[in-house]
Amino acid sequence: MLGGRAEVKAIEARLHAVLEELHQHGIQVKGIAPLLLDFPGERAGRAVLWCWLEGDEDVRWYHRVECGFAGRRPV
């Protein structure tokens, strides 16, 4: 009665567009609340994922691709 479906579909479309843009840059969304992003990179000749957690001022963590969040180490 008060609408909403069109607004929900618009938000959904925008969210998909943002996620697709991030994906095109290799950025992985690992969590929503709090927001957790992994960025592909290299450290000491090894493939790593740089981690950004919502609230961090900059990228402060990384982990080897095969280790995941539990294997994070400070930069």
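Taking GluC sites (Glu not before Pro) across the chain, the ones in a DSSP loop with at most 12 further Cβ atoms lying within 10 angstrom of their Cβ are 54, 57, 66. Coupling constants for region 16-32 follow from the phi torsions by the Karplus curve (6.51 cos²θ - 1.76 cosθ + 1.60, θ = phi - 60°), and in residue order they are 4, 5, 5, 4, 5, 5, 4, 4, 4, 9, x, 7, 9, 8, 9, x, 9 Hz; glycine and proline get x. Measuring from a point 7 Å past the Cα of residue 64 along Cα-to-C-beta, which residues in region 18-45 have an amide N at less than 16 Å? From region 18-45, the list is 41-45.
For region 5-44, taking the reciprocal of the average inverse distance between every pair of different Cα atoms yields a Kirkwood hydrodynamic radius of 11.6 Å. Annotation: Cα Rg of the chain relative to the compact-globule expectation 2.2 N^0.38 Å equals 1.41. Remark on residue 48: its backbone amide H falls under 5 Å from those of 41, 42, 43, a criterion applied only to residues 5 or more positions apart or on other chains, H modelled at 1.01 Å from N.
Every read-out reported here was derived from the displayed coordinates using simple, explicitly stated rules and does not represent laboratory data. Keep in mind that what you see is a predicted model, and the values were worked out from it rather than measured. Note: ideal-geometry Cβ built from the backbone for every residue, glycine included; neighbour counts use all protein chains shown.
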